[in-house]
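Everything below concerns the one structure shown next.
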Amino acid sequence: MKELLDAWRSVDRNKIAVLLSVIPGLGHLYKHHYLDGLSILVIGNAMMIFVALWLAIATLGLSLILVPAIWMAGVAYAAYYAEDKHGAHPYLHVWEMKLSEFFHRR
């Protein structure tokens, strides 16, 4: 079990964010960009579906492939280069803090 935890700690978080961006928005959530991730997950994906369906008439359905592919690639690129804020929110990792430290930081 210790080897598994050590391997997980040495993984490149940027690459995991790209892999999670198969569902656009999850990579941003993984890197602790909560507002961006939720916005992409809800509003961005809904807009992408709307645009793809709207353009499907003019492109004979080609936009049903191209628009989601370009959207996922762009979001994955943004997730890869987003600043990793892991550990910047200590109140979200209360299991790593002592109780006295948690109340002292407030």
**OP:** Leaving ligands, DNA and RNA out of it, rank Lys2, Lys31 by accessible area with a 1.4 Å probe, largest first.
**Re:** Lys2, Lys31
Subject >> Residue-level accessible surface for Leu38, protein heavy atoms, 1.4 Å, Å² >> reply: 100
Original post:
If you place +1 on the Cβ of every Lys and Arg, -1 on the Cβ of every Asp and Glu, and leave all else neutral, what size is the dipole of segment 1-96 about its Cα centre, to the nearest 20 Debye?
Top reply: 100
Subject >> Area of Ser10 that stays accessible when all protein chains are in place (1.4 Å probe, Å², to 10) >> reply: 90
**OP:** Using a 1.4 angstrom probe, figure out how much accessible area segment 4-45 has per residue, in square angstrom, rounded to the nearest whole.
**Re:** 61
Original post:
With every protein chain left in place, what is the accessible area of Met72 in Å² (1.4 Å probe, nearest 10)?
Top reply: 70
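The values are calculated or read from the model by the stated rules, or taken from the named source; none is laboratory data. The model shown is predicted, which means the values in this text are computed figures rather than measured ones. Don't worry about glycine lacking a Cβ; one is built from the backbone with ideal geometry, like all the others, and counts go over all protein chains shown. Ligands, DNA and RNA are excluded from the accessible area calculation, which covers all protein heavy atoms including side chains. Shrake-Rupley method; radii C 1.70, N 1.55, O 1.52, S 1.80 Å.
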